[in-house]
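Participant: Could you have a look at this structure, given as structure tokens, before my questions?
The values are calculated or read from the model by the stated rules, or taken from the named source; none is laboratory data. If you're wondering where the values come from, they're calculated on a predicted model, not measured in any experiment. Every residue, glycine among them, receives a Cβ derived from its backbone with ideal geometry; neighbour counts consider all protein chains shown.
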Amino acid sequence: MPQVAERAAGPVALIAPAGAGAEQLRLFDSGVDVAALRIERAAITERRLSVNTRRAYRADWADFLRWCDSAGRAPLPASTDTVCLYLVGQARAEKLVATIERRCSSIAFEHLRVGARSPINEDVREVLYGLRRKLGVAPVNAKVALSVDDLRAVLRATPEDVWGVRDRAVLLLGFASGLRRSELSALDLASVRFEPAGLVVTVARSKTDQEGLGREVGVHRGRHRLTDPVGAVTAWIRERGNWPGPLFPIIDVNTGAISRRRVSGHGLAEVVQSAVKRAGLDPARYGGHSLRAGCATAAAANGASDLAIMRRTGHSSVAMVGRYVRHASVFAVDPLAGVL
């Protein structure tokens, strides 16, 4: 008889299978607290995921629980058939392939987290493959890269008040460093070190570095005052002050007072959108990723190698960098030059 998930107020728990009690009793007699070990194992497993991924997994699992409840299906342990039907339902609801695949991973993670066997097998992978072919995997509403010319226009439209000084530093450091918006948000004043050639940014942890090995990114001085990231960061620190804490804090919208609270990754995306709007660009096309994408695209157009771009942006695969390289080189060679 299949195990049935207990409907409790807390996390979903499994009814122990026959024979498990005797095993746990023996372990208890020997002084091993199995329940505590299970809790610690779950905490250790979750640590390998970023905060954003854990948040997404919790939302995905909640969605799966709701679907199972409405469909009269057991969510934990879930059968392969249940997962397949759920994924087809997600496609009917016009979810993106990336979302469907992540929800599949969330289901597997939740099962493994509580010691249950993952229902994700070859049958589920066949359904995912079919959905990829049916729906396509091209990103929808992806934010465009901010070009160097547009960056200049945005900087010219940025005011000279306290918000402008901060936003100019955000835009130029974000573009020159190629950091993810979460990495940019996580920077503290102590994360920046000035050197004769420019400044060194220490990224303590990132999406591809959950163990906190850390990396340093060197940002050179710009040739022009308008686009000099080192000068912009210097001006912002002078405005901000040398108190320890977030490099980019929130500024009170009414008083202009600089708080001690960090601007979130979402807040940095809003900074970019507000800045491009002032320059007459469509803010819906831009976001926090536009700075990172702009860095990789400009570097590729400038002839930088994939390895050099990866060292700057922290990408873990050439395939990801290749998206920017292909975009930057689409007009590099005209095979019909002189023909038309």
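Participant: If you check residue 261 against the conditions, is it at pLDDT 90 or above, out of contact with any helix residue (DSSP H, G or I) (no Cβ under 9 Å at 6 or more places or on another chain) and not hydroxyl-bearing (Ser, Thr, Tyr)? Explain how you work it out, then say what you get.
Facilitator: Numbers: at pLDDT 90 or above: yes; out of contact with any helix residue (DSSP H, G or I) (no Cβ under 9 Å at 6 or more places or on another chain): yes; not hydroxyl-bearing (Ser, Thr, Tyr): yes.
The answer is yes for residue 261.
Participant: Of all residues in segment 109-119 being surrounded by 14 or more Cβ atoms within 10 Å (Cβ to Cβ) and not aromatic (Phe, Trp, Tyr), which is nearest to residue 56 (Cα to Cα)? Let's see the steps before the verdict.
Facilitator: Filtering segment 109-119 down to residues surrounded by 14 or more Cβ atoms within 10 Å (Cβ to Cβ) leaves 109-114, 116, 118-119.
Next cut, not aromatic (Phe, Trp, Tyr) only: 110-114, 116, 118-119.
Numbers: 110: 12, 111: 16, 112: 17, 113: 15, 114: 18, 116: 21, 118: 19, 119: 20 Å.
Across segment 109-119, the extreme among qualifying residues is 110.
Participant: For segment 240-252, give me each residue that is over 25 Å from the mean Cα position of the chain (by Cα) and closer than 29 Å to residue 149 by Cα. Step through it out loud before you land on a result.
Facilitator: Residues of segment 240-252 that are over 25 Å from the mean Cα position of the chain (by Cα), as a first pass: 240-244, 252.
Within segment 240-252, just 240 meets the criteria.
Participant: Still on this structure: Which of the residues that make up segment 284-310 are surrounded by fewer than 16 Cβ atoms within 10 Å (Cβ to Cβ) and outside any loop (DSSP other than H, G, I, E, B)?
Facilitator: So the first thing to find is which residues in segment 284-310 are surrounded by fewer than 16 Cβ atoms within 10 Å (Cβ to Cβ), and the list is 284-285, 302-303, 305, 307-308.
Within segment 284-310, 284, 285, 307, 308 qualify.
Participant: Okay, moving on. Select from segment 253-275 the residues that are of a type in the set (S, T, N, Q) and in a helix (DSSP H, G or I) and write down the one among them that is farthest from the chain's Cα centre (by Cα). Let's see the steps before the verdict.
Facilitator: Going residue by residue through segment 253-275, those that are of a type in the set (S, T, N, Q) are 254-255, 259, 264, 273-274.
From the residues that got through so far, the ones that are in a helix (DSSP H, G or I) too are 273-274.
On the way: 273: 18, 274: 21 Å.
Step by step, filter segment 253-275, then rank; the result is 274.
Participant: Identify all residues within segment 59-80 that are in a helix (DSSP H, G or I) and either without any contact (Cβ under 8 Å) to a residue 24 or more places away in the chain or of a type in the set (Phe, Trp, Tyr) (or both); write none if there are none. Steps first, answer last, please.
Facilitator: Filtering segment 59-80 for residues in a helix (DSSP H, G or I) gives 59-71, 80.
If the condition is that a residue be in a helix (DSSP H, G or I) and either without any contact (Cβ under 8 Å) to a residue 24 or more places away in the chain or of a type in the set (Phe, Trp, Tyr) (or both), then 59, 61, 62, 64, 66, 67, 68, 69, 70, 71 are the ones that fit.
Participant: Kindly list the number of the only condition in (1) among the acidic types (Asp, Glu); (2) crowded, with 22+ Cβ neighbours inside 10 Å; (3) more than 21 Å from the chain's Cα centre (by Cα) that fails for residue 122.
Facilitator: (2)
Participant: Search segment 85-108 for residues being of a type outside the set (Gly, Ala, Ser) and surrounded by 19 or more Cβ atoms within 10 Å (Cβ to Cβ), and hand back the single one that is nearest to residue 134 (Cα to Cα). Please lay out each step first, then the result.
Facilitator: Pass one, segment 85-108, residues of a type outside the set (Gly, Ala, Ser): 85-88, 90, 92, 94-97, 99-104, 107.
Then keep just the ones that are surrounded by 19 or more Cβ atoms within 10 Å (Cβ to Cβ); that gives 86-87, 90, 97, 100, 103-104, 107.
Numbers: 86: 16, 87: 13, 90: 13, 97: 10, 100: 13, 103: 18, 104: 17, 107: 22 Å.
Step by step, filter segment 85-108, then rank; the result is 97.
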